[in-house]
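Inspection log for the structure reproduced underneath, given as structure tokens.
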Amino acid sequence: MDLHLTSEQALLRDSAAKFAATAGPKVARSLRGKSPSFSPARLREAGELGWLGMLVPTAADGLGLGLTELALALEQAGRALVSEPIGFAAIAAAALAQGHAPHPMLPRVMAGEALVVPAMWENAHAGDPRAPATRAGGDDRAPRLTGTKVSVCADGADGFLVSAAAPDGPSLYYVARDAAGVSLATQPSVEGRGLATLTLKDAPADLLPARQSSRSAPEALHDLALIAHSAELLGVMEGAQEMTFAYLRVRKQFGKPIGSFQALQHKAVDIYIKTETTRSLIYQVAGANDPYRIDPALAVAVKAKASADALEVTKACIQLHGAIGFTDEHDIGLYLKRAMLLASLDGNAAAQRRRYAEIAELTM
């Protein structure tokens with residue numbers, strides 16, 4: 001798919017590619033199992049480049065850009081296995097910027113000096129953002145939250161965006177990591193970074209205002225997260241594809257490059273088709289939706305396809321490498337592990353398909 005980018009979008013893509021070029025599998029491997037699992041200095045660099053505030057309106061000192069620009073940056077991050085949580089920071093900044101008076105944490109998040117991440121997924125209700133089991137007590141001026149969130153990428157986080165059921169419906173709250181009543185239990189993921197269970201027991205929080213819309217703030221943030229994860233998954237697919245196609249050109253068997261064998265060419269074509277169709281869907285949806293008013297059916301469709309195709313592509317790439325691809329020492333496996341993590345966040349392909357069916361039933 002050929003993207004028709006404006007000159008500004010092309011510059012953003014090239015800038016993101018340059019930033020990502022200093023990362024790569026070697027850096028990603030070196031950060032596995034560490035806390036935090038990224039470089040705070042590089043996150044600040046991303047803030048200096050303006051990427052963390054790209055969705056923030058210009059009135060709040062952001063760039064006021066859209067989903068296409070977000071996808072361009074995260075695609076390059078995924079391609080080079082960038083470990084810095086640029087996507088989390090960017091969508092958190094967008095949520096903190098809502099209302100007439102943005103949250104005090106916004107400037108620090110946009111600068112990369114603090115990290116705020118979503119904490120919305122629950123075992124109950126299959127993570128449906130419309131029905132959080134976490135409850136908000138007290139009043140709007142001094143709300144307190146009680147509940148449990150799972151699969152939270154809490155490495156290096158200074159605070160969380162938590163969805164909770166309030167008297168007026170599902171609402172979004174900011175909770176500081178060091179607040180009273182907040183506890184984290186972290187387990188390592190297959191990719192190397194930790195995934196935490198966030199437990200709140202009457203924890204103090206700040207209510208974040210929602211835009212004037214028929215959709216709640218948790219729903220809007222959830223849909224935005226799905227697009228962000230999908231764009232990064234696209235980059236992971238591209239990185240794995242590039243590494244594999246280069247290997248097919250140089251690895252020889254029976255005196256010929258293995259890429260000349262028809263069976264492997266068929267497999268390579270399948271990889272290319274899945275990558276390009278995922279790219280097409282992501283950028284069509286990104287170009288047709290406002291960051292704060294994403295069509296929920298399109299958001300879950302994008303995440304369903306990106307999650308399924310990224311796993312299939314990265315697994316196929318390992319197979320095309322042969323036995324060496326199954327070793328931890330080879331970098332191709334890092335792409336599968338990153339795809340496994342991103343595909344699981346906020347619901348895997350199966351969860352997204354179920355959600356799509358529910359949305360379709362409601363609109364019939």
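The values are calculated or read from the model by the stated rules, or taken from the named source; none is laboratory data. Just so you know, these numbers come straight off a predicted model, no measurement behind them. With ideal geometry, Cβ positions are generated from the backbone for all residues, glycine too; neighbour counts draw on all protein chains shown. Side chains are part of the model used for accessible areas, which takes the heavy atoms of the whole protein and leaves out ligands, DNA and RNA. Shrake-Rupley method; radii C 1.70, N 1.55, O 1.52, S 1.80 Å.
Side notes on the structure shown:
- Highest-first packing order for the peptide set 130-136, 331-337, 298-304, 235-241 is 235-241, 298-304, 331-337, 130-136, based on the mean count of other beta carbon atoms within 10 Å.
- Site pair residue 293 and residue 30 shows an inter-label distance of 4.6 nm when each label is modelled 7 Å from Cα along Cα→Cβ.
- Cβ-derived FRET efficiency at R0 30 Å, residue 280 paired with residue 48, nearest 0.05: 0.40
- Against the compact-protein benchmark of 2.2 N^0.38 Å, the Cα-based radius of gyration of region 118-199 scales to 1.07.
- Estimated FRET transfer efficiency when R0 is 30 angstrom, pair residue 266-residue 358 (beta carbons, to 0.05): 0.25
- Accessible surface, the chain, averaged per residue in Å² (probe 1.4 Å): 44 Å²
- Treating each Cα of region 204-282 as an identical point scatterer and summing with the Debye formula, the log10 of I(q)/I(0) at q = 0.11, 0.22 Å⁻¹ comes to -0.50, -1.00.
- Of the three principal axes defined by the Cα atoms of region 204-343, the extents in descending order read 66, 34, 16 Å.
- Distant alpha-carbon pairs in region 285-339 (separation over 14 angstrom), percent: 60 percent
- Each principal axis of the Cα cloud of region 1-67 was evaluated for its coordinate range; sorted largest first, these ranges are 37, 34, 16 Å.
- Translational diffusion coefficient (Stokes-Einstein; Kirkwood radius from C-alpha pairs) of the chain at 4 °C, 1.567 mPa s, in µm²/s: 62 µm²/s
- Compared with the direct C-alpha span, the chain from residue 183 to residue 101 gains 26.6 nm at full extension, assuming 0.36 nm per residue.
- Phi to ³J(HN,Hα) by Karplus 6.51 cos²θ - 1.76 cosθ + 1.60 over region 29-34, Hz, x for Gly, Pro: 5, 5, 8, 4, x, 8
- Around residue 167: net Lys/Arg minus Asp/Glu count, Cβ-Cβ under 13 Å: -2
- Ranked by how many other beta carbons lie within 10 Å on average, peptides 306-312, 92-98 from highest: 92-98, 306-312
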